[in-house]
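Working notes, beginning with the structure itself.
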Amino acid sequence: MQDTNIPQNRVIIIGGDHHNGLGLARIFGLNGKKITAIIISCKKHSWIATSKYIENYRIFNNEKEAFDYICETYSNERLKPVLIPYSDGAALELDLRLNELKEKFFVPSINEKQGLIASLMNKENQYKWASERGVKMAKSCVVDLKNQEHSLPNTFGFPVILKPVKSAYAKKLDIAVCLSDKEYSNSIADLIEKKYESIFIQQFLNVDFEIVIVGAVSSKDDFVFSAYRVIRSWPSKGGTNSYSITITNEKILMQCKNLLKKIALFGYVGTIDVEAFLIKDELYLNEINWRNSGGDFRLLNHNYFYAYWFYLCICNGCVMSVDWHAPEKTYAMVEYTDFRHVLKFEISLIQWILDLVRCKNFALWNKNDMKPFFAKFLFALMR
């Protein structure tokens, strides 16, 4: 999408001190639009705020304080600002205050109804949503940890994977794969100690590979996306994608498109991140993240500016769909997390360097915006 008339609406991104937000800033900045960053962090300084594409920023300890500030400061602008959450906590707080925000801001929502995104951040509700629409997912159920009986339901066999029910209040490291009754009992005891009241159980799938879909939905008929195959994650088990390659297989992309179409028809509007698995050429949904993706940088140097196109669409009233195709065999890396595979002797330094050289897109390194790269490591040394 080309548009020489950049809207004057302010762009406000909300989330942690994380490369998710940096990728968003770069998407807009490379298109001539600087943004406002509201950063949720317990630290006094932010490394992503050093980006030249972030015009101004504020740091808050929690999402409530952040949105209180947004309402107090930006509610009366002449043109409605656009809010883009890039963390689960920010997406949850926004949706729980949707009625307060939607008149003064352009915000992500499902049919502009408060609480719907919050409801579907619950994995049990998301499983029901998928089942009702014929979307394949691993067999799943919720176990109440407040009851005395925590044994594995009779309909399940090992291996199983345990996940927190509500992603906004959870940590990736609390996801556990259990191969036996003993591992299951130990994991349940650990989760109870961490004060979890319920847990989501899924049958563990033998997958060919993991897929992440990154894009935006502006209406029931208008959405864009790209998809990539996860090669490595950090941590290796239950972690977040650190090294990937674009998907150009038309059969897989068509299944991704059909899934995004169901999400669009459901009434969602906003940027989005979808985790899925490919099993014997069939797509299985893992999780929908109703917020901007941490993979926003992965095609940045190939002009995949989906968040900016979404901004143009909702501010100018134009159609977002664009004639854009992912290039073949394009690799991307979150370099500061993927290098930990070398430190843990999971891959050799030579192999990692060879993988690094293949990449065209990085979470930190960007020749047009180098300050965050150096700030990330400087702040780490200052701890």
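The values are calculated or read from the model by the stated rules, or taken from the named source; none is laboratory data. This one's a predicted model, so the numbers in the text were calculated from it and none came from an experiment. Glycine also receives a Cβ, built like all others from the backbone with ideal geometry; neighbour counts cover every protein chain displayed.
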### Message
Among the numbered criteria (1) under 30 Å from LYS139 (Cβ atoms); (2) basic (Lys, Arg); (3) surrounded by 14 or more Cβ atoms within 10 Å (Cβ to Cβ), which one does ARG340 miss?
### Response
(1)
### Query
In region 147-164, is there at least one residue being outside any strand (DSSP E or B), of a type outside the set (Lys, Arg) and modelled with pLDDT of 95 or more?
no
## Note on the structure
Filtering region 260-292 for residues that are buried (at least 17 other Cβ atoms within 10 Å of the Cβ) and part of a loop (DSSP other than H, G, I, E, B) leaves a count of 3
### Query
For region 188-204, which residues satisfy the criterion of being under 26 Å from the mean Cα position of the chain (by Cα) and surrounded by 15 or more Cβ atoms within 10 Å (Cβ to Cβ)?
LEU191, TYR196, SER198, ILE199, PHE200, ILE201, GLN202, GLN203, PHE204
### Given (1) in a loop (DSSP other than H, G, I, E, B); (2) closer than 24 Å to ASN289 by Cα; (3) touching a strand residue (DSSP E or B) at 6+ places or on another chain (Cβ under 8 Å), index of the condition LYS33 fails
(2)
### Query
All but one of (1) under 30 Å from LYS80 (Cβ atoms); (2) within 24 Å of the chain's Cα centre (by Cα) hold for MET333; which doesn't?
(1)
### Summary
ASP174 meets each of (1) touching a Leu at 6+ places or on another chain (Cβ under 9 Å); (2) at pLDDT 90 or above; (3) among the charged types (D, E, K, R) with one exception, condition (2)
### Task
Could you tell me whether VAL357 is among the aliphatic types (A, V, I, L, M), over 21 Å from SER87 (Cβ atoms) and part of a helix (DSSP H, G or I)?
yes
### Task
Determine whether region 134-144 contains at least one residue that is without any contact (Cβ under 8 Å) to a residue 40 or more places away in the chain, out of contact with any helix residue (DSSP H, G or I) (no Cβ under 6 Å at 6 or more places or on another chain) and not assigned by TED's automatic domain parsing to the domain that holds ALA216.
yes
### Message
Every residue in region 336-383 that is closer than 22 Å to ASP296 by Cα and among the charged types (D, E, K, R), please.
### Response
ASP338, ARG340, ASP355, ARG358, LYS360, LYS367, ASP369, LYS371, LYS376
### Task
Any residue in region 343-372 that's more than 23 Å from LEU22 (Cβ to Cβ): show its pairings with residues that are surrounded by fewer than 14 Cβ atoms within 10 Å (Cβ to Cβ) at Cβ separation under 7 Å, as long as the two are six or more apart or on different chains.
GLU346/SER236
### Selection count, region 242-280, where residues are under 27 Å from ILE201 (Cβ atoms) and in contact (Cβ under 8 Å) with a residue 60 or more places away in the chain
13
### Query
Taking the condition of a type in the set (Gly, Ala, Ser), in the same structural domain as VAL319 (by TED's automatic domain parsing) and within 21 Å of THR240 (Cβ to Cβ), does GLY15 pass?
yes
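Going through region 360-380 one residue at a time, which ones are within 23 Å of LYS329 (Cβ to Cβ), of a type in the set (Lys, Arg) and in contact with a Leu (Cβ under 9 Å, 6 or more places away or on another chain)? Before the answer, list the steps.
First pass over region 360-380, keeping only residues within 23 Å of LYS329 (Cβ to Cβ): 360-367.
Then drop every residue that is not of a type in the set (Lys, Arg), which leaves 360, 367.
Within region 360-380, just LYS360 meets the criteria.
Quick one: which residue in SER41, SER87, SER46 is surrounded by 14 or more Cβ atoms within 10 Å (Cβ to Cβ) and in contact with a Lys or Arg (Cβ under 7 Å, 6 or more places away or on another chain)? Lay out the reasoning, then the answer.
Details: SER41 fails: in contact with a Lys or Arg (Cβ under 7 Å, 6 or more places away or on another chain); SER46 fails: in contact with a Lys or Arg (Cβ under 7 Å, 6 or more places away or on another chain).
When all the criteria are applied, what remains is SER87.
Checking the conditions here, which among ARG298, ARG291 is of a type in the set (D, E, K, R), in contact (Cβ under 8 Å) with a residue 12 or more places away in the chain and under 25 Å from ARG340 (Cα atoms)?
Working: ARG291 fails: under 25 Å from ARG340 (Cα atoms).
Selected residue: ARG298, the only one of ARG298, ARG291 that is of a type in the set (D, E, K, R), in contact (Cβ under 8 Å) with a residue 12 or more places away in the chain and under 25 Å from ARG340 (Cα atoms).
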## Note on the structure
Note: among ASN56, ASN125, just one is part of a helix (DSSP H, G or I) and either surrounded by fewer than 18 Cβ atoms within 10 Å (Cβ to Cβ) or not assigned by TED's automatic domain parsing to the domain that holds ALA307 (or both), namely ASN125
## Note on the structure
The condition from (1) within 29 Å of LYS146 (Cα to Cα); (2) free of Cβ contacts under 8 Å to residues at least 60 places away in the same chain that PHE204 misses is numbered (2)
